[in-house]
């Protein structure tokens, strides 16, 4: 009985549990810090369990619809509304379920890490409150089926992230990074709200499925699409709007940076959701596909070339995050460019999109791992300056092993998961246009070069006398890094399972606009 | 032409907001520009809900059933609240930056570059 | 069989377990060749010092190249590219916003015209 109630309301619990836990966190923290740590971990573990259950339901039973405030959870069209869905609803299709799985897996590792790495800081009750709020916002952003609800969750995640980036004030540097992130996010949010206004004014609806049904390619729709693409591309850090990425990723605490990567991927998910599901084949997919491909190529090239001369370890990794976002944009852009042509879609379009979306999952895992290792190094050394490090491989052996796993994964070396998704992208993009695949491979080589630089500068060489008392990092941090490293290795050794069971349903759900509309409008 | 006046005001406010953001060098003035831009978009959303000769969307003692749409009003309220939270956070960041850097000039707050 | 399946693209496949097996076989061959090497050597003579093209070994820690000097040849080689891209990364906040407006403008022209 209770299990039925819980299972039928799972999407609501997904957002409600971290939200409630976030706002009760300062009260619980009054008792003792250890109780608060246990509370935070329990909330995150419960959210992860809810997300895995919901993902299992979606992958085995089809899209799950949850309407807020209706008599039955899947009554999307009220009986007296004349055939239009009027309530806010969560539409969890396989693509949303995949993003939820990524968000809670990385979030679980990051919370375990953060409980140990930040325990000696002040102001921790605010930190965990905002952290759980960020997790709730990201989960809401990827599950919703309503465009204004997406905007609200987008703004919540922007504010929460800005607060977390500026958490360690560090003589004003982190606050400057937080201010830059907040300004970019606010302007992007304003553009996005303008686009929502245009779409609402034309079609008198806020539900994604109804807009997908009614949309025509009028000039106002073109303006709305441009505003949506520009604002969400700015939020996910694609060149030439990437300037906030190195500043914010560098100054945030390491655990927050790993979660920031997931929040940027959620904005990327929003971009794909709007382009594929709301607009679908009504837009000029060749032009928009090439726009996304150009954004991807620019991000890849500028990201990796700016990363090589960097002197700060987290700033270098942030530029690589920009570069890897380019791979995802390239893969999905190729899929978008052939969206109307079913033959080309079957021959390489779906493969390119699978590569791009598999890369989202892999990137969240290995980038999170790399940022956590960088955080471990900074935890012991006190600075992130590469020139002051050297010879840490003698003492921090486990961190070195995890760094090697992350660096080989990001460079696309077999048998790790970076190679699997890059292989999908190379093979399919080559059939679309060979030059793009060549550029992608060159960027991969430069990525390897830059991580060899970091590895040599940090871990190789004789130990320096100022780092004489450096030991290995505490066990929770090692445990979180090991968790992500094991996931990197497993998804690298068995990519076929992940692709056929997780990624393919997500890609087919994303490109199938008619199926989305039928499930929301026709069935309920 | 007269019916398009609210949209013209929206465009004017947006241009003023954009110009303030891009041309002013003081951080507080840039925040004011962001606030003006937010107001422009909020006004745009409210204007979308107007119907000719309509009354407020309240059913009690309603003289007619031709009502302005209530949904844009709800969207605008939500957006105003988000704008308040954003302004509060941005201003508190400006206070802390002034404490450490000694200035609120955008050209001089560039410790993190390239 | 699902656990051992390969990853199929439209034009090829990738099986990491086969790769690991191939690497294990290669490692076994390498180990067999290594075992046939010379196992007797004298410590402390020239047989154990590193070979730096006949030059003398410098003191401990002096031949660890710091991070800023790695890849000097690469950064010098494409200095023209870097001299144009790096100054674009000013730290000024309003420049970041200016880029968003530029991209929106260019995308508007591209999408409306093409």
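Name every residue in the range A:468-497 that is closer than 25 Å to residue A:394 by Cβ, within 14 Å of chain C (Cβ to nearest Cβ) and either buried (at least 22 other Cβ atoms within 10 Å of the Cβ) or at pLDDT 85 or above (or both), in order of residue number.
Those that are closer than 25 Å to residue A:394 by Cβ, within 14 Å of chain C (Cβ to nearest Cβ) and either buried (at least 22 other Cβ atoms within 10 Å of the Cβ) or at pLDDT 85 or above (or both): A:488, A:489.
Evaluate the range A:120-133: report whether one residue or more is away from every other protein chain (no Cβ under 14 Å), over 23 Å from residue A:225 (Cα atoms), without any contact (Cβ under 8 Å) to a residue 60 or more places away in the chain and assigned to a helix (DSSP H, G or I).
yes
Can you find, within the range A:198-233, the residue that is farthest from residue A:266 (Cα to Cα) among those that are outside any helix (DSSP H, G or I) and within 14 Å of chain B (Cβ to nearest Cβ)?
My answer is A:204.
Take residue A:195 and tell me if it is closer than 24 Å to residue A:293 by Cβ, part of a helix (DSSP H, G or I) and within 12 Å of chain B (Cβ to nearest Cβ).
yes
Take the residues in the range A:289-299 that are within 11 Å of another protein chain (Cβ to nearest Cβ) and buried (at least 23 other Cβ atoms within 10 Å of the Cβ); name whichever of them is nearest to residue A:440 (Cα to Cα).
Per the criteria, the residue is A:295.
Those residues that are in a helix (DSSP H, G or I) and within 12 Å of chain B (Cβ to nearest Cβ), I need them from the range A:138-156; list them, please.
Within the range A:138-156, A:147, A:148, A:149, A:151, A:152, A:153, A:154, A:155, A:156 qualify.
Listed here are the residues, each with its yes/no results for (1) farther than 17 Å from residue A:429 by Cα; (2) over 18 Å from the mean Cα position of the chain (by Cα).
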| site | (1), (2) |
| --- | --- |
| A:286 | no, yes |
| A:290 | no, yes |
| A:297 | no, yes |
| A:301 | no, yes |
| A:306 | yes, yes |
| A:309 | yes, yes |
| A:312 | yes, yes |
| A:320 | yes, no |
| A:325 | no, no |
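From the list A:170, A:176, pick out the single residue that is crowded, with 24+ Cβ neighbours inside 10 Å, within 10 Å of another protein chain (Cβ to nearest Cβ) and touching a residue at least 40 places away in the same chain (Cβ under 8 Å).
Selected residue: A:176, the only one of A:170, A:176 that is crowded, with 24+ Cβ neighbours inside 10 Å, within 10 Å of another protein chain (Cβ to nearest Cβ) and touching a residue at least 40 places away in the same chain (Cβ under 8 Å).
Give the residue that is surrounded by the most Cβ atoms within 10 Å (Cβ to Cβ), with candidates limited to residues of the range B:81-114 that are at the interface with another protein chain (Cβ under 7 Å from one of its Cβ atoms), touching a residue at least 12 places away in the same chain (Cβ under 8 Å) and part of a loop (DSSP other than H, G, I, E, B).
Across the range B:81-114, the extreme among qualifying residues is B:109.
Could you pull out the residue among A:65, A:2, A:50 that is crowded, with 19+ Cβ neighbours inside 10 Å and over 19 Å from the mean Cα position of the chain (by Cα)?
A:65
Return yes when residue A:161 is surrounded by fewer than 24 Cβ atoms within 10 Å (Cβ to Cβ) and outside any loop (DSSP other than H, G, I, E, B) and no when it is not.
So residue A:161 does not fit the description; no.
So, residue A:270, is that one assigned to a helix (DSSP H, G or I), within 12 Å of chain C (Cβ to nearest Cβ) and crowded, with 24+ Cβ neighbours inside 10 Å or not?
Spelling it out, it is not the case that residue A:270 is assigned to a helix (DSSP H, G or I), within 12 Å of chain C (Cβ to nearest Cβ) and crowded, with 24+ Cβ neighbours inside 10 Å.
Name every residue in the range C:1-20 that is facing chain A (nearest Cβ under 7 Å) and either in a strand (DSSP E or B) or in contact with a strand residue (DSSP E or B) (Cβ under 6 Å, 6 or more places away or on another chain) (or both), in order of residue number.
C:6, C:7, C:9, C:12, C:14
Of everything in the range B:23-54 that's more than 11 Å from chain A (Cβ to nearest Cβ) and assigned to a helix (DSSP H, G or I), which residue is surrounded by the fewest Cβ atoms within 10 Å (Cβ to Cβ)?
Among those residues, the one meeting the criterion is B:23.
Pairs under 8 Å by beta carbon, first residue more than 10 Å from residue A:453 (Cβ to Cβ) in the range C:66-78, partner crowded, with 17+ Cβ neighbours inside 10 Å and modelled with pLDDT under 85, six or more apart or different chains?
Once the first residue is more than 10 Å from residue A:453 (Cβ to Cβ) and sits in the range C:66-78, its partners that are crowded, with 17+ Cβ neighbours inside 10 Å and modelled with pLDDT under 85 give C:66/A:390.
Please pick out the residue among A:384, A:412, A:375 that is at pLDDT below 90 and within 25 Å of residue A:460 (Cα to Cα).
One residue alone meets the criteria, A:384.
Within the range A:241-248, identify whether any single residue is farther than 22 Å from residue A:138 by Cα, in a helix (DSSP H, G or I), at the interface with another protein chain (Cβ under 9 Å from one of its Cβ atoms) and modelled with pLDDT under 95, and answer yes or no.
The answer is no; no qualifying residue exists.
Which of the residues belonging to the range B:10-22 are surrounded by fewer than 18 Cβ atoms within 10 Å (Cβ to Cβ) and within 19 Å of residue A:200 (Cβ to Cβ)?
Selection gives B:11 alone.
Every residue in the range A:57-78 that is without any contact (Cβ under 8 Å) to a residue 12 or more places away in the chain and within 20 Å of residue A:204 (Cβ to Cβ), please.
Residue satisfying the conditions is A:78 alone.
Out of A:479, A:418, A:492, A:496, I need the residue that is more than 21 Å from the chain's Cα centre (by Cα) and touching a residue at least 24 places away in the same chain (Cβ under 8 Å). Which one?
Result: A:479 is the single residue among A:479, A:418, A:492, A:496 that is more than 21 Å from the chain's Cα centre (by Cα) and touching a residue at least 24 places away in the same chain (Cβ under 8 Å).
Find the residue count for the range A:190-210, including only residues that are crowded, with 24+ Cβ neighbours inside 10 Å and either in contact with a strand residue (DSSP E or B) (Cβ under 6 Å, 6 or more places away or on another chain) or within 29 Å of residue B:100 (Cα to Cα) (or both).
Qualifying residue count, the range A:190-210: 1.
Specify which of the listed residues (B:69, B:75) is at the interface with chain A (Cβ under 9 Å from one of its Cβ atoms), more than 27 Å from residue C:94 (Cβ to Cβ) and assigned to a loop (DSSP other than H, G, I, E, B).
None of the other options fit; the residue is B:69.
The values are calculated or read from the model by the stated rules, or taken from the named source; none is laboratory data. What you see is a predicted model, and the numbers here were worked out from it, not measured in a lab. Note that each Cβ is placed from the backbone with ideal geometry, even for glycine, and that neighbours are counted across all protein chains shown.
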